[in-house]
1. Output the residue which, of all residues in the range B:282-296 that are among the hydrophobic types (A, V, I, L, M, F, W, C) and touching a helix residue (DSSP H, G or I) at 6+ places or on another chain (Cβ under 8 Å), is farthest from B:Ile189 (Cα to Cα).
2. Tell me which residues, restricted to the range B:606-655, are within 11 Å of ligand 1 (Cβ to nearest atom), hydroxyl-bearing (Ser, Thr, Tyr) and surrounded by fewer than 21 Cβ atoms within 10 Å (Cβ to Cβ).
3. What number goes with the only condition from (1) open to solvent by 50 Å² or more (accessible area, probe 1.4 Å); (2) within 14 Å of chain A (Cβ to nearest Cβ) that B:Ala526 does not pass?
4. When the range B:567-592 is examined, which residues are found to be touching a strand residue (DSSP E or B) at 6+ places or on another chain (Cβ under 9 Å) and surrounded by fewer than 18 Cβ atoms within 10 Å (Cβ to Cβ)?
5. Could you grab me the full set of residues in the range B:40-57 that are in contact (Cβ under 8 Å) with a residue 12 or more places away in the chain and either surrounded by fewer than 21 Cβ atoms within 10 Å (Cβ to Cβ) or farther than 19 Å from B:Ala249 by Cβ (or both)?
6. Has the range B:588-605 got any residue that is basic (Lys, Arg), within 11 Å of ligand 2 (Cβ to nearest atom) and farther than 24 Å from B:Lys515 by Cα?
7. Can you confirm whether B:Glu550 is out of contact with any strand residue (DSSP E or B) (no Cβ under 8 Å at 6 or more places or on another chain) and closer than 12 Å to B:Ser622 by Cα?
8. For the range B:297-342: of the residues being out of contact with any helix residue (DSSP H, G or I) (no Cβ under 6 Å at 6 or more places or on another chain) and among the charged types (D, E, K, R), which is most open to solvent (accessible area, probe 1.4 Å)?
Amino acid sequence: MQAKVKILVVDDELPVCRSISSALEAEGRLIDTALGGEEALRKEEENEYDIMLVDLMMPGMSGMDLLKAVKEKRAEVVVVMITGYPTMDTAVQSVKLGAFDYIPKPFTPDELRSIVSRALERRRLYEQKIASAEKPGEEESAEPGLPKNLYCIPDHCWAKVEGDGTVRIGVHDIFLMTIKDISSIDFPYENEKVGQGDACLWVVDARGNLHRMWSPVSGQVISINEELKEDYSQVMRDPYGSGWLLLIKPASLEDDLKNLAPLVLE
Amino acid sequence: MRHISIRTRLVLSFSIVILVGVLLSAFVGIRLIGNTIIRQAQGKVRLDLNSAWEVYKGQSENIKDVVRLTAVRFFMKDAVSKNDRERLWRELQKIRESESLDILTLIDGEGRVLVRARRPDLFGDPLDNDIIEYVLINEREIVSTQIITEEQLQKEGGDLASQARMKLIPTPKAKPRPEAEETSGMMIIAAAPVYDYHGDLIGILLGGKLLNRDYEIVDRVKDIVYRGETYQGKDIGTATIFQGDLRIATNVLREDGSRAIGTRVSEEVYDQVIGQGAPWIGRAFVVNDWYITAYEPIKSLQGEIIGMLYVGMLEAPYLDLRNRVLFIFLGIALLSVILLSIIAYFTTAKVVRPVRQLLFATEKVADGNLSHRLPIQSRDEMGQLAASFNRMTEELQKATEGYHMLTRTLEDKVREKTEELKATQDQLIQSEKLTSLGKLAAGIAHEINNPLTSILINSHLIAEKLKSDDRFKENLELITDETARCSTIVKGLLEFSRQTQPEKRLTDVNKVVDKTLLLLRSEALAHKVRIHKALDSALPDIMIDGNKIEQVFTNVILNALEAMPTGGDLFISSRILSEDQLVAVSFRDSGCGISQENIGKIFDPFFTTKERTGTGLGLSVSYGIVQQHGGRIEVQSQMEKGTTVTILLPANNTRGQNSKTGR
Ligand SMILES: Nc1ncnc2c1ncn2[C@@H]1O[C@H](COP(=O)(O)OP(=O)(O)OP(=O)(O)O)[C@@H](O)[C@H]1O
Ligand SMILES: [Mg+2]
């Protein structure tokens with residue numbers, strides 16, 4: 001029997017906390033609320049939550065500070081940020097700082113649940129990783145055929161610089177793991193220009209949840225993987241190979257790569 | 001004085017100067033001429049007096065010659081020697097008569113009368129006379145003028161005494177004399193010695209002519225000197241022989257036409273000529289007229305002044321001449337004044353005309369007409385003045401034109417700058433409005449977001465719990481829908497308030513237009529709007545945030561569709577304005593248009609004419625986005641005709657291109 005999933009909702013307004021709590025209430029979940037950063041930190045120390053939903057805009061200790069403090073202590077906590085309205089700045093900033101994702105206010109219970117389900121998956125991955133870490137050596141046995149020149153936005157997507165200077169883009173396996181299944185994908189138009197951090201793909205999972213994927217580089221869409229349109233499972237099966245999504249002609253690759261992390265496959 | 005024109009003044013002063021000059025010269029001229037005439041007359045009179053003397057002396061010499069020649073005649077010696085008195089008388093009487101002498105008397109060596117030509121009966125009486133004495137002493141002939149007493153005259157014969165006797169006629173200016181008549185006479189007497197054959201003096205011959213009432217000399221003088229000229233019936237020239245102050249022979253006439261003998265000379269002349277023996281030359285009132293006169297004394301053998309010789313010319317002709325000259329002179333003077341005035345009038349006209357023109361010109365200049373020029377009519381000072389005036393106005397005109405040009409350009413510049421400033425200010429106000437409103441909106445949005453979140457979540461949760469046929473389901477859906485609407489409004493607000501920098505990349509604007517249209521296709525169809533595209537394929541890629549610009553286009557197109565609720569046409573065009581380095585995308589609709597009143601407000605946040613359906617943020621958000629791109633939005637609209645919204649974006653931002661080529 002699995003231990004109860006412990007979730008902490010942090011918002012400076014009690015009705016919001018309560019509403020979120022009631023939307024997430026389910027079997028096997030333990031949901032706590034905190035009305036501020038300090039309170040959240042105290043509670044986190046006591047309970048060691050699995051998932052934290054943190055409002056970015058709070059008086060006193062901000063959501064960003066709380067994220068930093070929590071991640072410093074326990075990197076495996078999955079933090080989802082709640083924002084008044086997403087801006088590219090806060091989104092990218094919080095994700096770089098270790099947030100799993102963010103959700104803009106106001107949201108429906110469904111939207112909340114889809115992101116939380118992903119967060120739970122992510123949490124599970126962490127646990128597996130921790131478990132597998134107990135069997136060292138496995139990390140070295142990485143697949144020998146792994147593509148080189150790989151970069152990523154952590155847990156979201158990858159970018160591979162090809163020999164002709166173009167960039168191939170695909171979905172990070174952890175992202176895929178958090179959504180579990182793909183029912184459809186919305187692609188950008190060919191020749192469309194995208195910027196780094198822009199939403200370039202919209203993924204709908206089996207439960208109908210819509211997930212955005214951010215472009216790792218800026219540039220112009222040269223082509224999309226038309227084959228996937230018939231069978232999205234290809235992405236799940238071979239995310240770093242035939243499951244690629246877009247081919248982009250980068251506009252400012254060198255600058256963009258600085259913001260990306262090198263991808264190390266497990 | 002001030003209202004008299006310069007010309008009148010000039011003419012007046014000229015005339016005064018001329019008048020004074022002419023009068024002065026006339027005065028001097030008249031004086032000069034008068035004096036000259038008088039002096040000439042006096043000179044002439046003096047000469048005439050000399051002529052008169054010649055006549056007088058001629059007569060004297062004549063008598064002397066007769067006496068001398070008679071004295072040396074043979075019969076004289078013979079008869080005296082023989083004492084033949086009869087023969088002597090006969091001969092002497094013949095001679096006296098032929099020579100028309102008044103007396104011819106022979107005196108013996110002892111001074112006794114031998115023979116009297118007129119009175120043979122009277123002889124032997126002693127005859128005492130100065131000239132006899134002279135001849136006796138000097139033994140030569142002599143002639144002289146002597147006063148002869150009445151007694152003597154009577155002795156000499158007949159009527160000589162009565163010829164000499166003269167009643168004194170009272171004369172106004174004469175020196176008073178006690179006696180009533182003059183009895184003695186004045187005579188030219190000549191004497192010559194008579195010798196015998198041995199040369200011994202045997203007698204003295206005496207011959208003379210009584211001057212009283214003898215007009216021969218004076219008339220000869222008048223004839224010789226004046227040739228009998230008359231003036232207004234009067235003799236011009238006159239001559240007189242005075243015995244003392246008494247006129248004894250004259251051709252000066254009394255008023256009744258008789259000779260003015262018996263009248264006397266004026267005391268003044270008397271005193272000078274007889275009293276002092278000096279000649280008198282000058283004006284004198286003679287009898288009844290003014291004469292220019294010359295008097296000189298007649299002296300006896302002993303040098304005693306016994307009478308005067310006089311010549312005189314009527315002053316009247318000279319005076320008339322002088323007056324005539326005066327009149328002529330005055331006439332000339334008057335004529336000169338008139339003539340000179342006329343000349344002055346025209347000369348001043350010549351002088352004044354350019355002055356008038358100058359005056360006129362300066363008035364014009366004063367009125368601001370700087371193009372007026374003076375004609376240059378002469379090379380004199382006036383001409384130079386006109387020339388320099390022209391130069392002055394020319395310079396003035398140039399300067400004024402320059403000044404006008406300067407002020408005009410200045411004005412233009414000021415207007416330009418003001419307009420620029422106003423535009424910037426408008427923009428500033430607009431962005432200021434946006435900024436402060438953005439902050440407010442962000443705050444509100446955030447505050448509203450929380451309750452919205454609660455409402456949204458809870459209404460959904462309730463809906464989930466209700467059965468699908470629950471009668472409240474519909475109400476709950478209304479709540480969730482309205483909450484969603486609130487959420488979009490808040491989203492708009494936040495989007496509007498977002499101050500983030502656009503993420504600019506090189507983008508094909510035409511593509512953005514296409515993408516926007518793709519999304520709005522169904523919307524356009526619903527509005528029955530036909531869309532016409534005219535996109536310039538040669539448009540360069542420009543640095544823009546594609547998403548934001550898409551949002552702008554969406555807002556503008558939606559507005560156009562909303563302005564045409566019953567359908568219409570939407571023309572979308574893109575072009576490059578190379579001169580401004582701008583890419584322009586125009587959206588022209590055939591909709592309702594925007595009223596003049598509203599056109600200034602459409603960029604204001606929350607300004608809307610679509611009460612329920614609009615938030616009034618579309619254009620203000622678009623404005624902010626375009627401004628962040630360094631561009632602008634232009635709106636032209638006509639009520640009931642349509643609206644054209646043009647988005648202008650800078651095309652010269654090639655930062656992205658540089659980094660691309662840098663690779
Ligand atoms: N093409 C157009 N034709 C006529 N009126 C227009 C047009 N575009 C804008 N307007 C006027 O300008 C107002 C402001 O436009 P704006 O887009 O800012 O707000 P809105 O359209 O009313 O609301 P929202 O865009 O937020 O839904 C409009 O309400 C309308 O009156
Ligand atoms: Mg609008």
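The values are calculated or read from the model by the stated rules, or taken from the named source; none is laboratory data. Being a predicted model, the structure only gives us computed values, none of them experimental. As a convention, Cβ positions derive from the backbone with ideal geometry for all residues, glycine included, and neighbour counts pool all protein chains shown. For accessibility, only protein heavy atoms count, side chains too; no ligands or nucleic acids. Shrake-Rupley method; radii C 1.70, N 1.55, O 1.52, S 1.80 Å.
1. So, considering only residues that are among the hydrophobic types (A, V, I, L, M, F, W, C) and touching a helix residue (DSSP H, G or I) at 6+ places or on another chain (Cβ under 8 Å), the one farthest from B:Ile189 (Cα to Cα) is B:Trp290.
2. B:Thr608, B:Thr609, B:Thr613, B:Thr615, B:Ser637, B:Thr644
3. Going through the list (1) open to solvent by 50 Å² or more (accessible area, probe 1.4 Å); (2) within 14 Å of chain A (Cβ to nearest Cβ), B:Ala526 breaks only (2).
4. Result: B:Gly567, B:Asp569, B:Phe571, B:Ser573, B:Arg575, B:Ile576, B:Leu577, B:Asp580, B:Gln581.
5. If the condition is that a residue be in contact (Cβ under 8 Å) with a residue 12 or more places away in the chain and either surrounded by fewer than 21 Cβ atoms within 10 Å (Cβ to Cβ) or farther than 19 Å from B:Ala249 by Cβ (or both), then B:Ala41, B:Gln42, B:Lys44, B:Arg46, B:Ser51, B:Trp53 are the ones that fit.
6. Checking the range B:588-605: not a single residue is basic (Lys, Arg), within 11 Å of ligand 2 (Cβ to nearest atom) and farther than 24 Å from B:Lys515 by Cα.
7. So B:Glu550 passes the test.
8. My answer is B:Arg324.
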